[in-house]
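Let me begin by presenting the structure, written as structure tokens, before commenting on it.
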Amino acid sequence: MISSAAMILIGLTGGVATGKSTVAQMFKQCGAVVIDADALAREVVQPDKPAWRDVVRTFSKKVLNPDRTINRQALGSIVFRYPAKRRRLERIIHPRVAREQQRLTREAARKDPTAVVLYDVPLLFEAGIDKRVQKIIVVTADQQTQIARLKKRNGLSRAEALRRIRSQMPLAKKAQMADLVIDGTVSRAVGRRRVQEAFAILSQWATSKSRF
């Protein structure tokens, strides 16, 4: 676990299209330091970086855009269809993302020893990252909402949306292991109020080292 004596490292997760990114942004507005695993994953596969070379070697140049960046949609269509290939991609990406997350967490702790650091990561449980955080927040949504959001946001068919949803641990199981569950289908006003309440508790814990 990478944390200072008082700083608190929170794992924020959920299912695909549950509203996790919106919740993360609300926490950031409250004052949390947010580390986005997806952003780190995009960074580590920039052209000519070691992970980029490994991805191209593994999946061929068919997953590249004309500017040589990774075509995430093309890559996603492969890895969400074939679990073995998804695991190969995760072995390329996850260790590099983990190292960068740890560096950013140490940096946040140096700047503010009582910081609330939120690690926004889709595969928190699946990748074993739950063992590296002190508290876990899960954002949930019903499956029909997830499907509708994926169809609208990503242009996926219902079958493709279901494949992506089912590639992750069931939300109900994640919620059972969470310290806090936030409904990602409520209005922004209600969601913001819930986040503000949670952040106040987390901030108090980081300062006093008490448990919630």
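The values are calculated or read from the model by the stated rules, or taken from the named source; none is laboratory data. This one's a predicted model, so the numbers in the text were calculated from it and none came from an experiment. All Cβ positions, glycine included, derive from the backbone under ideal geometry; neighbour counts span all protein chains shown. Heavy atoms of the whole protein, side chains included, go into the accessibility calculation; ligands, DNA and RNA do not. Shrake-Rupley method; radii C 1.70, N 1.55, O 1.52, S 1.80 Å.
Structure notes:
- Within the stretch 8-207: Cβ-based charge dipole about Cα centre, in debye rounded to nearest 20 (Lys, Arg +1; Asp, Glu -1): 780
- Inter-part distance where the stretch 28-102 and the stretch 140-203 are each reduced to a Cα centre, Å: 22
- Under Stokes-Einstein, with the Kirkwood radius over Cα pairs as Rh, the value for the chain at 20 °C and 1.002 mPa s is 119 µm²/s.
- Of the accessible area of the chain, computed with a 1.4 Å probe over protein heavy atoms only, carbon and sulfur atoms account for 50 percent.
- Sites R163 and Q196, calculated FRET efficiency, Cβ-Cβ separation with R0 35 Å, nearest 0.05: 0.50
- The residue list I137, Q29, A206 was ranked by how far each Cα lies along the charge dipole of the chain toward its positive end, using unit charges on Cβ atoms, and I137 comes out on top.
- Relative contact order %, the stretch 8-207, counting alpha carbon pairs below 8 Å whose residues are six or more apart: 39
- Cut-off under 5 Å, modelled amide H: who pairs with I182 long-range: V138, V139, T140
- Over the chain: helical MRE at 222 nm, DSSP H runs n ≥ 4 each giving -39500 (n - 2.57), nearest 500: -17000 deg cm²/dmol
- Per residue accessible area of the chain, 1.4 Å probe, in Å²: 53
- Helix 188-208 axis, angle to the chain major axis (alpha carbon atoms, nearest 10°): 60
- Compared with the dominant Cα axis of the chain, that is its longest principal axis, helix 83-111 is turned about 30°.
- Separation in nanometres of the label points that stand 7 Å from Cα toward Cβ, at R57 and N154: 2.8
- For the cross-link pairs K85/K131; K28/K152; K62/K85; K20/K174; K151/K174, the ones whose C-alpha atoms lie over 19 Å apart are K85/K131; K28/K152; K151/K174.
- Placing a label point 7 Å from the Cα of N71 along the Cα-to-Cβ direction, the residues of the stretch 37-55 with a backbone N closer than 20 Å are 42-43, 45-49, 52-55.
- Antiparallel beta bridges, as assigned by DSSP with both residues in the chain, represent about 5 percent of the total such bridges.
- Backbone HN-Hα couplings from phi across the stretch 46-61 [Karplus 6.51/-1.76/1.60, Hz, Gly and Pro as x]: 5, x, 6, 6, x, 5, 4, 4, 5, 5, 5, 5, 7, 10, 6, 6
- Folded to 0 to 90 degrees: helix 143-154 orientation relative to the chain principal axis, Cα: 60
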